[in-house]
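Below is one structure; the comments refer to it alone.
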Amino acid sequence: MSKAENIVDLIDAGIRAETLRQKAIANNIANLETPGYRRIDVKFGELLAKCLGSDEEFDLSEVEAQIFRPKQTPVKSNGNDVNFEAEVGQMIKNSLRHKAYIRLLSKKYKQIELAMDVK
Amino acid sequence: MEVESSFGPIDIAISGLRAQGKQLKVISSNIANARTSDAGNGEPYRRLQAEFKTDSDLGGVKLDKIVTDMSEFLRILDPGNPMADESGYVAMPNVSLPVEMINLNIATKMYQANVAVLRRYQQMIETTLELLR
């Protein structure tokens, strides 16, 4: 299958990644004061970019978002590195991306409907 | 490699929120210790001050370091105090409450301003997304 055809699959993978990231952010905020907790994040954009950039064929369902611990943010005195403001920023970005994907998906469905209506 | 760069204003506003949050911490420490005559080193508490810096153009703000204010200690007359010197004066922290309250107001307003930027940018993106309806 050519890469351009599976827009719905691409958006689907994106929405799944954003859903997972939303969970990760919720988990980080829930552990705002947990001693020793390090924040988690989701890696997806890089993985997808790598797949799209390579010449080999790939299956989108195999491009899974991954949870990882960046361990880059400064650690507080209790060994915790979650910053509330930073998580809120992540959440805003995440919901905007999610909204964009949903809108693109509904646009695509409208296109398909339009094509079916043509007599 | 930076995959996305269209959310710059959000990151900048968040850096402002974080910096002002730390500034608020410094102010609350100053206010809480406004009458701490012993900071553990034989001296009264010294007022702390946050210094901000920016790394690059459009890089947001960050708290560079927290410096101590080396101005004179306040001296109050309290002959009954065991820590008083021979003329009856006790050294007190160089914290001035009115100054701290004004700084508190500024920090709060700055925080609100950054939230306003964040909210406005979010609305802008959502306006763009309306085009996709």
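The values are calculated or read from the model by the stated rules, or taken from the named source; none is laboratory data. Keep in mind that this is a model prediction, so the values were computed, not measured. Cβ sites come from the backbone with ideal geometry, for glycine too, and all protein chains shown count toward neighbours.
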Item to check | Residues located in the stretch A:82-119, provided they are part of a loop (DSSP other than H, G, I, E, B) and either of a type in the set (K, R) or under 20 Å from B:G60 (Cα atoms) (or both) | outcome: A:V82, A:N83, A:K119
Next on the checklist: With the requirement that a residue be over 30 Å from A:E85 (Cα atoms) and exposed (fewer than 11 other Cβ atoms within 10 Å of the Cβ), what does the stretch B:39-78 give you?
Outcome noted: B:G40, B:N41, B:G42, B:M70, B:S71, B:E72, B:L77
Checklist entry - In this structure, does A:A115 turn out to be among the aliphatic types (A, V, I, L, M) and either within 14 Å of chain B (Cβ to nearest Cβ) or buried (at least 16 other Cβ atoms within 10 Å of the Cβ) (or both)? => result no
Item to check | Residue that is within 14 Å of chain A (Cβ to nearest Cβ) and touching a residue at least 12 places away in the same chain (Cβ under 8 Å), where the choices are B:V90, B:V117, B:V95 | outcome: B:V117
Item to check | Enumeration of residues in the stretch B:63-104 that are under 29 Å from B:I14 (Cα atoms) and of a type in the set (S, T, N, Q) | outcome: B:T68, B:N103
Next on the checklist: Go through the stretch A:77-112 and report how many residues are among the charged types (D, E, K, R), facing chain B (nearest Cβ under 10 Å) and under 30 Å from B:I12 (Cα atoms).
Outcome noted: 6
Item to check | Failed criterion for A:P70 (all others in (1) within 11 Å of chain B (Cβ to nearest Cβ); (2) out of contact with any helix residue (DSSP H, G or I) (no Cβ under 8 Å at 6 or more places or on another chain) hold) | outcome: (1)
Checklist entry - Are any of the residues in the stretch B:13-31 closer than 30 Å to B:I125 by Cα and away from chain A (no Cβ under 14 Å)? => result no
Item to check | B:K62 being out of contact with any His (no Cβ under 7 Å at 6 or more places or on another chain), among the basic types (K, R) and modelled with pLDDT of 90 or more | outcome: no
